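Asks: If you scroll down you'll find the structure; I have some questions about it.
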Amino acid sequence: MEHLFAFVAVCCYFISAIRILCFENHNSNHQRKHELLAMILMASFMGQSVNILFLKDPVTVWDAIFGMVLLGIIWTAKGNVAQLFKGKKA
């Protein structure tokens, strides 16, 4: 089962990083802090994927679930890191 959890976690982290990378900003009004955060998130997702693949850390079901939650959040935001921190307006 550990191999299945590792596969799910790596796929989720990789897809999340690619989704952030492929975000197209059609609005020229963007801030550097969002660019920096996007870069840090992509690096951490790819780093965690490499860590799981090559260092063979034990991956639990909670790692896989956390990866799926992150993927869901990023996919819902369409890769827009700035949208992750916006509140809902009534």
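Asks: Can you give the accessible area per residue of the chain, in Å², using a 1.4 Å probe?
Replies: With the other protein chains kept in place, the chain gives 75 Å² per residue.
Asks: Next question, about the same structure. What do you get when you divide the Cα radius of gyration of the chain by 2.2 N^0.38 Å, with N the number of residues? Don't skip to the answer; put the middle values down first.
Replies: On the way: Rg = 14.3 Å, N = 90, 2.2 N^0.38 = 12.2 Å.
Cα-based Rg divided by the globular estimate yields 1.18.
Asks: Can you list residues from other chains, or at least 5 along the same chain, whose modelled amide H is less than 5 Å from the amide H of residue 23?
Replies: Correct list: empty.
Asks: With a 1.4 Å probe and every protein chain kept in, tell me what percent of the accessible surface of the chain is carbon plus sulfur.
Replies: C and S fraction of accessible area: 68 percent.
Asks: Does anyone have the angle between helix 61-76 and the longest principal axis of the chain? Alpha-carbon axes, 0 to 90°, nearest 10?
Replies: Helix 61-76 sits at roughly 20 degrees to that axis.
Asks: With angles folded into 0 to 90 degrees, how steeply does helix 2-21 sit against the dominant principal axis of the chain? Use alpha carbons for both and round to 10.
Replies: With rounding to tens, the tilt is 20 degrees.
Asks: For residue 32 and residue 65, what does the FRET efficiency come to when R0 = 35 Å and r is the distance between their Cβ atoms, rounded to the nearest 0.05?
Replies: Efficiency, rounded to the nearest 0.05: 0.60.
Asks: With everything on Cα atoms, drop me the angle between helix 32-55 and the longest principal axis of the chain, reported from 0 to 90° to the nearest 10.
Replies: 10 degrees
Asks: Related question: For a Förster distance of 30 Å, can you work out the FRET efficiency between the beta-carbons of residue 1 and residue 23, rounded to the nearest 0.05?
Replies: 0.35
Asks: Can you sort 15, 20 by solvent-accessible area, 1.4 Å probe, largest first?
Replies: 15, 20
Asks: If you place +1 on the Cβ of every Lys and Arg and -1 on the Cβ of every Asp and Glu, how big does the dipole about the Cα centre of the chain come out, in debye to the nearest 20?
Replies: 500 debye
The values are calculated or read from the model by the stated rules, or taken from the named source; none is laboratory data. Note that this is a predicted model, so its numbers are computed, not measured. With ideal geometry, Cβ positions are generated from the backbone for all residues, glycine too; neighbour counts draw on all protein chains shown. Surface accessibility is based on the protein's heavy atoms, side chains included, excluding ligands, DNA and RNA. Shrake-Rupley method; radii C 1.70, N 1.55, O 1.52, S 1.80 Å.
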